[in-house]
Protein chains: 2
Amino acid sequence: MKKIINPKAESWDEIIKRPSVNNDKLLTLVSEVFDHIQKAGDKAILDYTERFDQIQIENFQVTKDEILLANKSISKKLKKAIEQAKKNIEIFHRSQRTKTIQVETIKGVKCWQKKYAIDKVGLYIPGGSAPLFSSILMLAIPATIAGCKEIIICSPPNRRGSLPAEILYTAQLCGISKIFKVGGIQAIAGMTFGTKKIPKVYKIFGPGNQYVTAAKQLATKYNVAIDLPAGPSELLIAADETADPDFIASDLLSQAEHGSDSQVILVTTKESIIEKVNVSIVKQLENLPRKKIAEKALANSKMIVFQNDEFATNFINDYSPEHYIICVENESYYIDRIRNAGSVFIGNYTPESAGDYASGTNHTLPTNGFAKQFSGVNLDSFCKAITFQKISKNGIKNIGESVELMAEAEGLIAHKNAISVRLKKLRNEN
Amino acid sequence: MKKIINPKAESWDEIIKRPSVNNDKLLTLVSEVFDHIQKAGDKAILDYTERFDQIQIENFQVTKDEILLANKSISKKLKKAIEQAKKNIEIFHRSQRTKTIQVETIKGVKCWQKKYAIDKVGLYIPGGSAPLFSSILMLAIPATIAGCKEIIICSPPNRRGSLPAEILYTAQLCGISKIFKVGGIQAIAGMTFGTKKIPKVYKIFGPGNQYVTAAKQLATKYNVAIDLPAGPSELLIAADETADPDFIASDLLSQAEHGSDSQVILVTTKESIIEKVNVSIVKQLENLPRKKIAEKALANSKMIVFQNDEFATNFINDYSPEHYIICVENESYYIDRIRNAGSVFIGNYTPESAGDYASGTNHTLPTNGFAKQFSGVNLDSFCKAITFQKISKNGIKNIGESVELMAEAEGLIAHKNAISVRLKKLRNEN
C-alpha cells in the first residue's frame, strides 16, 4: 500500500479518484442483446445463454424439484447461519417502515403522503467464482417487507445448467419462487422487456460485472429503474493506536479480496500504526486463497497520515467511502463529523464482514463517491411515496386567491380558471 | 378528445402509451457543450449563452441590487400569495422529517440509520414563455428543510440579460443567494463540472425542455444524480355524475395548456358525463390565451368509459398518472385501490392547480408511467440515509460463527478471517 503523509488539500481530488469505469465500449454488445431479446424473447435468452454461459438449457425456470434437492444438500449449520442473518436483516429493515404522514396545511386543506411497494421487482444475483447468496437476503428481505407483489430472481447457470444450492436454498427461505437460470445482459434485458417466461419488472436490483452494469444502465432508457450506479467495492478505515493492528489488517484484506480493482484506504493521525498493520497484512495474506487478487488491490491502495482529526474527517467526507470503519479513541468526533458514507462500522469488534452478512444492515451500498448523494439499499428502495390532498369548500376559499394570483403571474390562465370556476360556484351558493 | 368505450384489456398497453421522447439526436450537441464547458469553464458558459440565448452577459451571477430591484417590482398581493404557498409547502415537507432509527438486532449488535442532507444541490428553473417561480418553492423549500449546505439556482436570462422579478423574489424569499443567469445545456454542464463561478453540485433538480432533459441524462454519467426522469405532464381524472362537469373541464384544460404534448385522460363508468364535459371544454377553451396549445393536447387525449369501477381502477394503475383527480361518489374504493400515481386530488374542490401552487404538496412528480417506481420530489429527495453499526464483544460472539460459515460458503476467506481473528482474541482473553 502506498503511504502518503500530510497530503495538501489541493491533492485530495487526485487521491480520492476511483479507477474510471467506462462501459461505452460494451454498449454496442449490450444494445444488440437488448434488441434481440425485445424481438425474440425466450428464444433469444436461450441463444445468449448458450453463447455466453456455454450451456444449453431447455427450461430456464427453476423447478420445485431443484429447490427440494438444494434444500437437502445444505448443511444444518449453514442453514442456521443463514436463518440468523435473515432474522437480523428483517429486524433492521422492518424498523425502517414509515407511517402515513398527514397534515392540514391550512384550514380545509388536508395533505398526506403514503408509501406503496413497487409492484414488480427483479433481483440479479451474480454467479461466477462464488455463489453470493447473501445478496438474496439483502434484496429479497426488504422487498418482501415492503410488500412487492412480484419478486423474481435471475442468476447465471453453471456449466451443468444449474444454480448453486446456497442460492436456491436462500431464495426459497425468503419466499421467492420465481427463479430463472439466466445471467448477464440477457437477464437484465429479459426483466426489462419481459418475455413469455420472465415477467417484466419496474425496478432491477443487484450487483454484477461490467456487462450487467452496462445492461442496467441501458435498462433505464426503457423506463426501468435501478437500485444504484455500480462501481468496485471500497473500504476506508480510520484508526489510531487504540485499534488492533491484526483486526485492521484483516478488514483491509477482506475488502481487498473482492477484486483487483477494490479500493482500500487507511486513514490515521498516528503514523506509528502503519508499520504494525503492514506486518500483519503480510502475515495474514499468506494463507488466503484469493491472495493474488488481494495483492493487486493492495498495490493500488493507500495509507494516509493526516496532521489532525479535522483534516482526516474532511478528507473522508470528500472520499465518501462505501464502507467506513471508525476505530479511534475519539470515536464520537469522527461520528459527529460524518456527512458522506454508505455504511459505518464502529469500534474494534465491528468488522465490515459482520455487515456484509449478518448484523442486519444492508450490504448493497453506494460506491465510487456516490455516497454523496445516494443511500444504500433500504426499505424505501422498494417503495415509492404517493401524495394526496383533499380540499373542502372552506379550504379552496382559503388558498384559492393565492393560486389564482400565482397562476396568472406564470401566464397559466387555465390553471387560474380551475380555481375561479369553483370560487364562482361557491359565491353563487351563498 | 377521443372517446373509447369498454376497451379490452389487451388494448390497454396501446392506450397508456405516452408519446415517445427520443433525446438521442440531441446527445451530440449536449456532449459537445459538456466537453467544452469541462475544458473552458465560465468562458464557454458565456459563449453558449450568447449562442443559445442571444445575449452577451459579463457577469452571470445575480447581484444584490438585482434582487432588491425585483423585490420592489412585485405587487404586495402576489408577495402575500407566494408567502402563503411557501408556508403550506413548508408545513407539509417539514412533516416528512424522519427520526434516526435504532435497533439491537441481536444482543450486542446495535444498528441504526440516520438521514443526512445532500451537501450541494442545483435547482434548474426554466425560462421561456412564463417565469415558473412556483418550481423554486417546490425545490428550495425541501432543500432548506433537509439542510443542504449549498443550494444554487440556474435559470436562463431573457434578451435583456436579466431574470424575471418573480424568480428573483421567490429565490431570495427561500434564502437562496447564489443565482446564475445561465440556462439550458450550459447550466446543467456548469453544475455538473463546476466552474470558477458555478459550484459543482451532487444532485440536479428541476424541469426543463428536451435539451435540459438530455443534459440531465448526460450529467448522470459524471456522477451527478438527478431528481426524476422527465416527460410531458399528465392528468388523469376519474369522474362520475357527482363530479361538476365545469370543474372537470377546467382541470382537463389546466393540464392541456402546459404543452401540446400534455396528456389528458378522463376515465368514467358513466358515459353520460362525457357530453357535458365536452360542452364545457368548448365554452372554457374560447377565452384561453394558450388555446392553441390546449387544443393540440386535447386532440391526442382520451375519454374512456369502463363497465365498472374495478376495470377503471385497474386501468388507472396500469396508466400510473402523474396527477390523478378522483371525483366519484365511491371515492374510498378508488383511493383504496391506488397502487401507482404521482399525486392524488380528491373531490370536487381539489383541483390540480391547488397542488401545483399552494396546498403544500410538491408539484415535481413522476410522469410517463414512472409513478410505478418513482416518488415525486419530497424531503427525502434531498437526503440520503447512512447506516451504522456498533458491535460489542458479546455481539461478535453472537453472530461471529454465522458470518464465518456464510463467508466460507461464498468462498471469501478473508471475510471469514476478519471474524476469526477477533473471536480468537476473545478466547485468549478468557
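The values are calculated or read from the model by the stated rules, or taken from the named source; none is laboratory data. Small disclaimer: the values here were computed from a predicted structure and weren't measured. All Cβ positions, even for glycine, are placed from backbone atoms using ideal geometry, and neighbour counts span all protein chains on display. Surface accessibility is based on the protein's heavy atoms, side chains included, excluding ligands, DNA and RNA. Shrake-Rupley method; radii C 1.70, N 1.55, O 1.52, S 1.80 Å.
A few comments on the model shown:
- Residue B:244, sole failed condition from (1) open to solvent by 10 Å² or more (accessible area, probe 1.4 Å); (2) not aliphatic (A, V, I, L, M); (3) not assigned by TED's automatic domain parsing to the domain that holds residue B:286: (3)
- Single condition residue A:419 does not satisfy, out of (1) without any contact (Cβ under 8 Å) to a residue 40 or more places away in the chain; (2) surrounded by fewer than 24 Cβ atoms within 10 Å (Cβ to Cβ): (2)
- Number of positions in the range B:44-75 that are of a type outside the set (A, V, I, L, M), open to solvent by 50 Å² or more (accessible area, probe 1.4 Å) and more than 27 Å from the chain's Cα centre (by Cα): 13
- Answer residue from the range B:288-315, given it is open to solvent by 70 Å² or more (accessible area, probe 1.4 Å) and part of a loop (DSSP other than H, G, I, E, B) and is nearest to residue A:408 (Cα to Cα) among those: B:289
- Some residue of the range A:252-270 being among the acidic types (Asp, Glu) and crowded, with 18+ Cβ neighbours inside 10 Å: yes
- Residues that are of a type in the set (Gly, Ala, Ser) and either open to solvent by less than 20 Å² (accessible area, probe 1.4 Å) or not assigned by TED's automatic domain parsing to the domain that holds residue A:165 (or both), drawn from the range A:76-99: A:81, A:85
- Criterion applied to B:113, B:38, B:102 was being in contact (Cβ under 8 Å) with a residue 60 or more places away in the chain and open to solvent by 50 Å² or more (accessible area, probe 1.4 Å), and the one residue passing it is B:38.
- Residue in the range B:370-393 that is over 41 Å from the mean Cα position of the chain (by Cα) and either closer than 25 Å to residue A:376 by Cα or at the interface with another protein chain (Cβ under 7 Å from one of its Cβ atoms) (or both) present: yes
- The residue of the range A:195-207 that is least open to solvent (accessible area, probe 1.4 Å), among those that are part of a loop (DSSP other than H, G, I, E, B) and within 11 Å of chain B (Cβ to nearest Cβ), is A:201.
The rows are residues; the columns are (1) open to solvent by less than 10 Å² (accessible area, probe 1.4 Å); (2) within 21 Å of residue A:229 (Cβ to Cβ); (3) in contact (Cβ under 8 Å) with a residue 12 or more places away in the chain.
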| position | (1), (2), (3) |
| --- | --- |
| A:324 | yes, yes, yes |
| A:337 | no, no, yes |
| A:353 | yes, no, yes |
| A:358 | yes, no, yes |
| A:393 | no, no, yes |
| A:414 | yes, no, no |
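- Criterion (of a type in the set (S, T, N, Q) and open to solvent by less than 10 Å² (accessible area, probe 1.4 Å)) met by exactly one of A:378, A:362, A:398: A:362
- Residues of the range A:159-179 that are hydrophobic (A, V, I, L, M, F, W, C) and over 21 Å from residue A:93 (Cβ atoms): A:163, A:165, A:168, A:179.
- Close Cβ contacts (under 7 Å, 6 or more residues apart or on different chains) running from residues in the range A:48-70 that are farther than 22 Å from residue A:176 by Cα to residues that are among the hydrophobic types (A, V, I, L, M, F, W, C) and modelled with pLDDT under 95 comprise A:49/A:55; A:49/A:57.
- Being at pLDDT 95 or above, part of a loop (DSSP other than H, G, I, E, B) and hydroxyl-bearing (Ser, Thr, Tyr) is a condition met by at least one residue of the range B:370-379.
- Residue check: residue A:266 meets all listed conditions (1) under 22 Å from residue A:350 (Cα atoms); (2) part of a loop (DSSP other than H, G, I, E, B) but one, namely (2).
- When residues of the range A:208-231 are limited to those that are touching a Leu at 6+ places or on another chain (Cβ under 7 Å) and open to solvent by 30 Å² or more (accessible area, probe 1.4 Å), the one farthest from the other protein chains (Cβ to nearest Cβ): A:211
- Any hit, the range B:148-155, residues being at pLDDT 95 or above, more than 30 Å from residue B:400 (Cα to Cα) and surrounded by fewer than 19 Cβ atoms within 10 Å (Cβ to Cβ): yes
- Near pairs, Cβ below 6 angstrom, 6+ apart or cross-chain, from the range A:71-89 (more than 7 Å from chain B (Cβ to nearest Cβ)) to any residue that is buried (at least 19 other Cβ atoms within 10 Å of the Cβ): A:71/A:169; A:73/A:165; A:74/A:165; A:74/A:169; A:86/A:137; A:89/A:137; A:89/A:141; A:89/A:360
- Flag if residue B:115 is touching a strand residue (DSSP E or B) at 6+ places or on another chain (Cβ under 8 Å) and among the charged types (D, E, K, R): yes
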